[in-house]
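Right, one structure below, let's go through it.
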Amino acid sequence: MSFTDIQKRAIAEWDTLRHGPTPGILVGAGTCGRAAGAEAVLAEIDKELTQRNIDAIVMQVGCVGLCYAEPLVDIIKPGRPRICYGNVTPEIVAQLIEDYLVKGNPRSDLALGTIGHGVVDGIPNLFELPMLKSQVRIVLHNCGFIDPTNINHYIACGGYNGLVKALDMKPEQIIEEIKRSGLRGRGGAGFPTGQKWEFCRESPGKEKYIICNADEGDPGAFMNRSLLEGDPHSVLEGMLIGARAIGAKEGYIYCRAEYPLALERLRIALKKLEEYRLIGDNILDSDFSFHLKIKEGAGAFVCGEETALMASIEGKRGMPRSRPPFPAVSGLWGKPTNINNVETWASVATIIRQGADWYASYGTEGSKGTKTFSLAGKVERTGLIEVPFGMTMRQIICEIGGGILEGKRFKAVQTGGPSGGCLPSDFLDTPIDYDSLTSAGSIMGSGGIVVMDEETCMVDVARFFLSFVQLESCGKCIPCRWGTKQMLDILEDITNGRGKPVDIELLQELAQSIKDGSLCGLGQTAPNPVLTSIRYFRDEYKAHIEEKRCPALVCNALISYYIDPEKCQGCMICLRSCPAGAIKGGKRVVHVIDQGQCTKCGTCMNVCPPRFGAVIKTSGEKPAIPKEPVPIGFAGNTDAG
Amino acid sequence: MSTAAPNKFKEMEKDIVRLTINDRQVIVKKGVTVLEAALNAGIYIPTLCYDPDLKPYGGCRLCLVEIEGMWGLVSSCTTPAADGMVVQTDTPSINRTRRITVELIIANHHGDCLACAKSQDCELLKIARYLGIEEERVERLRKGTQVFSVDKSHPAFIRDLNKCILCAKCVRACHEIVCHDAIDIAFRGNLARIATFGDKPIAESICKSCGECVARCPTGALVPKWEKPPAEEVRTICPYCGVGCSIYLGVLDNRVISVRGDPQGPANRGSLCVKGRWGYDFINHPERLTTPLIRIPGIPRGAGQNGKVNEIFHEASWDEALELTANKLLELKDAHGADSIAALSSAKCTNEDNYVMQKFVRAVLGTNNIDHCARLCHASTVVGGIAAFGQGAMSNSYSDFEKTELFFIIGSNTTECHPIIGSTIKRRLRFDGAKLIVADPRSIELGEHAAVRLHHKPGTDVALINGLMHVIIRDGLEEKQFIREHTEGFEELRRLVERYTPEAVEAVTGVPKSDLEAAARLLGEAKSACILYGMGITQHTTGTDNVKSVANLLLLTGNIGREGTGFSPLRGQNNVQGACDMGALPNVYPGYQKVDDPAVKKKFETAWRCKLSDRPGVTVTEIADGILRGEIKGLYVMGENPMLSEPHLEHTRQALEQLEFLVVQDIFLSETAWLGDVVFPAAAFAEKDGTFTNTERRIQRIRQAVPPPGEAKTDWGIISALAEKMGKPFGYQSAGQIMEEIASLTPIYGGIRFWRLGQDGLQWPCPDTSHPGTCFLYQDGFARGRGKFHAVEYIPPAESISKKYPLVLTTGRILEHWHTGTMSRRSNVLNELYPNGVVEMSPIDAARLGFIEGDLVVVNSKRGRVEAPLHITEKSPPGVIFMPFHWREAAANILTNDALDPLAKIPEYKVSAVNAVRRRKKLR
């Protein structure tokens, strides 16, 4: 079958789904959807349809990006626009099938928005919602809309046209096109992709490899996972085009075993590609042959580093090595190798299809195109987003993310995972691109954004990231192995109230040496969260060290719980709930917490009825409270001024 | 000339790199790293993980430098020097980073330097001093709190991970040099540490105890258990296997207290195996012989080894013992003729000892009845090799292994018996893409690395090789031009192997047809192949046929007389090559000059000023029968132990007990010495000067490090004294003087002089003092003219299994022990690592017989019975059991068959029919 025939069949199948006589139900069943209960929803749909004997196409799709509203269910009713419903439960599913599919009431009260042409009264267009309105979806354009296990959907939406086009181009032309598009590596370092390909192509050697780095390991980052789950073919098509350009006959996708769904969808996609002879020997009867293997990683963070990743594929312990030689010269099995991140590969096909100029029309001078981010932390709307470079952090957090959760104050935003930094509100209006983040002391990284509110202790955040990198250091080089442990020990001392005045200076000195001395990117960037938090939040460090006070009331060793004698009603709820038996008091008697016995678990604060609000959390200060329980109303006798 | 010179400079120019380091111009060869360039130029850069023998690692981060145009600090050990580079090695930023790095190590380094065995040469301490680490700067850091228990499980060394800095030299040495991978880095972050598989104690791991890691550890994390720093070191040669590793013996108070590999050693480049590293305490063993002993009159020979020495022997003066021996030997000669006396020389002794011994036998006793244990290991190699090529020695050198594309190893458990060669081959397979075919009835370790494994039945080597040649010829892969120009007898061979079809060979050998064909294709297609073999080939009644088959295969594929190819018999003992070269054989004088050649005889008669016999003497394996027939009355044994090494030991015992006179000269009271009438105390290798010739024909110097114990003397000294007593003084003053005499009479040793053997020794043939020695033989044609194909038919082993004896016993060595154990069993470390003999059996046989691991098993053959504990292992194929022969208490040679190869007179140690019964269950 020629590719044109394949395409014709695919388009026909796609049209039947969208405009055919059978209704379609699309369930967001990526990992985020499943975590929110998509499997129960699917079971319910199955049950309802069988019971009512309704014929419908039920399909699992990837993540649209509205993770906060998962599980998402789209319903295509013949003759009506497609409607997306959010936070769907099995009960809601039953109602939707009854009300909308059977009776025709679109239930605008449950709908998030319509997709595509046509208007339904009372339901906005999904893409006019604030979360989606300012996004530009190039990489994610299929995610959530097509069945990731059905190659025909991908082809019907223009898929593999890029490969067909690339087969007609000379490898040098492909590289030139990628260079002109301004695409930079989306794995974090932002190296120009076309140039990287060119190095590998020009490197002497017959056997060359390309690798897709799907070892996404930053805490709070899930862009690559969602993309692989939602649209695996976009990555594969990019790799095929890259292999053609570079002259590689073999490739690997290195994906962590903690992404079982992504791996499953990749395997299915690869099998379909083989069936369509879009991979293997003499692809589409051209002289181009390419074979691809999937390698599961065991979840070591350092294996995201390219030389460690290659060692892991070779069956060795995942440890990085010094460069030069660069992988483009001597990589996997000592052969020239090109490694790109999932998102980079996924950008390639669209660039070839739509042209470099079109792609380069998005973004800033130095950072072209779009970037996906996983928006996490204390924002109203978390999710997977894609925006052009140059958007400000404020737009991302306030417009797309809907601002800080529960109306609290913004404190900092962490980009780039453990290798990145924590940026304060001053940075909110800076347009985001590779260079602006670097100059602020952070990095783009693979695109994790963690938003922190006023209740976050920046010393504790630094401690958390250090404990992560320390645990994930491969142990090969001394500055990373023992330097990060040293910094972690100091940060633990500080958060435990044992910090010394010299510690900030010592942290900075160690941090500089670890950055300068470490072998690979992990160690070289590991101190970033500490350095940026000292740079922007030095006062918090000083408070911890000099006043033994945690201003955000997070560090357990530095906080205390007290019961306000003015507010306590002697109801005994906290007394009975305290797991440590640290509260003394009685009925109608002001309760007192024995500070020696208190484990600072916070139970008392949680159980104290909000109308009383008698439990206070403090740090560095001791409110006036009685020594011993006193009857209510006689709280004047205190031991502190 | 005028035009050639600039071109030559241009050529040289291409291979050099000019760079600037700290404002100094440095010129180095291309491919050198920045660190090496600096060190070459005398610019010190501290480093803890660099080792010139290991691949660049870049882990310690102390060798950081700044290079113009490169971002940040760069590790100089991993960065190749490039033209025009501008390097700074000593800037404030570099020093700050280095200092903090060392402070971090020290904060995490447990250990009291005063009490540390490495304090004298601890690299960390040296670098800390160089960088001027200050106490208070370390104090402000948080101290590492991790404490590991010290691993003392190994008998030879201690692993103290509290002192480990994770430079990974140990891991890299085990991976890159030994290719064994017993250890690796495990865990992550601060918890990262060196571990065995499963983080078990090292003694419970797959570690082969070679100590390569211990030798390279820069701190006190890996240290020998008892070693003290020596006062001086003496360069000499390891006394164990035939590889010939160079070592330094460390001496303190006239005792050998340490050993280290010589990094410049041509055979080993610093590496050693478990025996070479730890097996030297026998030198100082309390059981060393220190005075001559004479059997107390009336005590029969049978009064065995369980008696007390002073109940059987009395200590004697040298004069008394020599006098007695001289008189007794002269008596026998007068009464029964010179041929009534035989002598065994020794492959453990020096060339000089062996030369003097054979001279004594020929010139003083007047007989050619001299032989030694080469008869038992490679006699068939000498006969077969001479028949095919004209020489019986290894045709190539270790340096050829570096160029070989395909190794074919048959009948050699190389990693156990010649560990250093085993590692060399594994390195070539692992890092250079060389390929390996292993043919062995047992699943030996090298099989794990092989492209094709052929598990043929014991004793079917000829059939197997004929089958390989059948496929090579069938597929037209033979080297036609080479065969035409350099060989003879091909047509006959071709006709013979026609019948050895893969199907027929599968029926005889049990090797699947497809494996045979795959191996044949590899052999036929390789650009250079080398065949290594050991006693699996030689110790058969068809030993000579087997060797000829190996030669056939080399001639057929043209893999001889070129670099990277060759005929590689691996010799078992340190100087078995030399003992043969020295004429400790019944049919040849030194240098394989035939005793029955009148011209040769004349030459030696003139030189030695005496009449010589032109009748070839008897071989080791014929001596026992000669004694029992009453033809041989007296036996002189120097450093050999037939009471453990002969096949069918009961037969040997009967013969030795029947002797009229037995003299034994040894360093210990061996099983044979217990039967002696006179025992002479000899000097061990560390106590004498001389030369050993290794497997690759390399003559290397050994040097005296300590005096012999008590009144012990060098072997040549004892024999010279005896000759003098017998009225024929030799007049030697030194070993070097003996070598001059050897050179004057032995053409292949013609250019050998002690003063020429400095660093690397010399490989024979070396006809004169200006000759550089010979790396590989037959470059300009074969010693016999054309290489000769021998059409060899397969003959089954002499003994086959029967209903009563349903198992095949095959014997051999293990890594930790050597020969009859006189030395290795008196080494604490080796003895502790492998304390007793075993019977190895396949799980299938064990299950069939109902045996479990550790059962005490009795093995019976027609000739006797032996008891040993059972070890169940997949190494043994079903139907075949294996026993090492090192233990008196479980002497495998009680069982072995003394049937001989008709030409080489080598016994068939490798195939005996036996049965096995359980004596009692394992004690639990």
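The values are calculated or read from the model by the stated rules, or taken from the named source; none is laboratory data. The structure displayed is predicted, hence computed values, not measured ones. Cβ placement follows ideal geometry from the backbone for every residue including glycine, while neighbour counts extend to all protein chains displayed.
Quick notes on this one:
- Residue that is farthest from the chain's Cα centre (by Cα) [pool: residues in segment A:198-221 that are farther than 23 Å from residue A:282 by Cα and surrounded by 24 or more Cβ atoms within 10 Å (Cβ to Cβ)]: A:213
- Residue A:436 meets the conditions (1) more than 13 Å from every other protein chain (Cβ to nearest Cβ); (2) surrounded by fewer than 24 Cβ atoms within 10 Å (Cβ to Cβ); (3) over 21 Å from the mean Cα position of the chain (by Cα) in every case but one. The failed one is (3).
- The residue pairs whose first member lies in segment A:491-516 and is touching a residue at least 24 places away in the same chain (Cβ under 8 Å), whose second member is crowded, with 18+ Cβ neighbours inside 10 Å and among the basic types (Lys, Arg), and whose beta carbons are closer than 6 Å, counting only pairs six or more residues apart or on different chains, are A:491/A:463; A:495/A:463.
- Taking segment A:206-238 as the range and being in contact with a Pro (Cβ under 9 Å, 6 or more places away or on another chain) and among the basic types (Lys, Arg) as the test, only A:208 passes.
- Candidate set from segment B:96-106 (those that are under 14 Å from residue A:485 (Cα atoms) and facing another protein chain (nearest Cβ under 7 Å)); member that is nearest to the chain's Cα centre (by Cα): B:105
- Residue B:101 of a type outside the set (Asp, Glu) and surrounded by fewer than 24 Cβ atoms within 10 Å (Cβ to Cβ): no
- Applying the criterion of at least 3 residues that are at pLDDT 95 or above to the helices (runs of 4 or more DSSP H) found wholly in segment B:97-180 leaves B:169-172.
- Subset of segment A:497-511 that is more than 7 Å from chain B (Cβ to nearest Cβ) and of a type in the set (A, V, I, L, M, F, W, C) - its residue that is farthest from residue A:545 (Cα to Cα): A:511
- All of (1) more than 25 Å from residue B:276 (Cβ to Cβ); (2) touching a helix residue (DSSP H, G or I) at 6+ places or on another chain (Cβ under 9 Å) hold for residue B:849 with one exception: (2).
- Residue that is nearest to the other protein chains (Cβ to nearest Cβ), among those in segment B:149-160 that are among the small types (Gly, Ala, Ser) and touching a helix residue (DSSP H, G or I) at 6+ places or on another chain (Cβ under 8 Å): B:153
- Residues that are under 19 Å from residue B:43 (Cα atoms) and away from chain A (no Cβ under 14 Å), drawn from segment B:124-148: B:126, B:129, B:130, B:132
- Residue match in segment A:512-530 (condition: within 14 Å of another protein chain (Cβ to nearest Cβ), closer than 20 Å to residue A:472 by Cα and among the acidic types (Asp, Glu)): yes
- Residues that are assigned to a loop (DSSP other than H, G, I, E, B) and within 15 Å of residue A:2 (Cα to Cα), drawn from segment A:160-172: A:160
- Residue B:731 vs. criteria surrounded by fewer than 17 Cβ atoms within 10 Å (Cβ to Cβ) and in contact with a strand residue (DSSP E or B) (Cβ under 9 Å, 6 or more places away or on another chain): no
- Of all residues making up segment B:235-281, the number that are under 17 Å from residue B:705 (Cα atoms), surrounded by fewer than 23 Cβ atoms within 10 Å (Cβ to Cβ) and either touching a helix residue (DSSP H, G or I) at 6+ places or on another chain (Cβ under 8 Å) or not hydrophobic (A, V, I, L, M, F, W, C) (or both): 11
- The set of residues from segment B:707-727 being assigned to a loop (DSSP other than H, G, I, E, B) and among the aliphatic types (A, V, I, L, M) comprises B:712, B:726.
- Among (1) in contact (Cβ under 8 Å) with a residue 12 or more places away in the chain; (2) on the phi < 0 side of the Ramachandran plot; (3) of a type outside the set (Ser, Thr, Tyr); (4) more than 9 Å from chain A (Cβ to nearest Cβ) - the single one residue B:121 does not satisfy: (1)
- Segment B:679-702 - residue that is part of a strand (DSSP E or B) and over 20 Å from the mean Cα position of the chain (by Cα) and, of those, surrounded by the fewest Cβ atoms within 10 Å (Cβ to Cβ): B:681
- Of all residues making up segment B:47-78, the number that are of a type outside the set (A, V, I, L, M), under 39 Å from the mean Cα position of the chain (by Cα) and either more than 13 Å from every other protein chain (Cβ to nearest Cβ) or surrounded by fewer than 24 Cβ atoms within 10 Å (Cβ to Cβ) (or both): 6
- Of all residues in segment B:282-314, those being in contact with a helix residue (DSSP H, G or I) (Cβ under 7 Å, 6 or more places away or on another chain), at pLDDT below 85 and not charged (D, E, K, R) number 4.
- Scope segment B:878-895; condition part of a loop (DSSP other than H, G, I, E, B) and crowded, with 22+ Cβ neighbours inside 10 Å; matching residues: B:885, B:886, B:891, B:895
- Selection from segment A:457-496 of residues that are over 16 Å from residue A:542 (Cα atoms) and more than 7 Å from every other protein chain (Cβ to nearest Cβ): A:464, A:465, A:466, A:467, A:468, A:469, A:480, A:484, A:487, A:488
- Total residues in segment B:188-206, condition exposed (fewer than 14 other Cβ atoms within 10 Å of the Cβ) and either facing chain A (nearest Cβ under 8 Å) or over 31 Å from the mean Cα position of the chain (by Cα) (or both): 2
- Any hit, segment B:809-823, residues being in a loop (DSSP other than H, G, I, E, B), basic (Lys, Arg) and surrounded by fewer than 23 Cβ atoms within 10 Å (Cβ to Cβ): yes
- Selection of segment B:427-445 for residues being crowded, with 20+ Cβ neighbours inside 10 Å, closer than 25 Å to residue B:840 by Cα and out of contact with any Leu (no Cβ under 7 Å at 6 or more places or on another chain) yields B:440, B:441, B:442, B:444.
Each row is one residue, and each column tells you yes or no for (1) closer than 29 Å to residue B:723 by Cβ; (2) among the hydrophobic types (A, V, I, L, M, F, W, C); (3) assigned to a loop (DSSP other than H, G, I, E, B).
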| position | (1), (2), (3) |
| --- | --- |
| B:277 | no, no, no |
| B:288 | yes, no, yes |
| B:291 | yes, no, yes |
| B:294 | yes, yes, no |
| B:297 | yes, no, yes |
| B:301 | yes, no, yes |
| B:314 | yes, no, no |
| B:320 | yes, no, no |
| B:323 | yes, no, no |
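- Residues in segment B:497-538 that are within 23 Å of residue B:482 (Cα to Cα), in a loop (DSSP other than H, G, I, E, B) and out of contact with any helix residue (DSSP H, G or I) (no Cβ under 9 Å at 6 or more places or on another chain): B:526, B:527.
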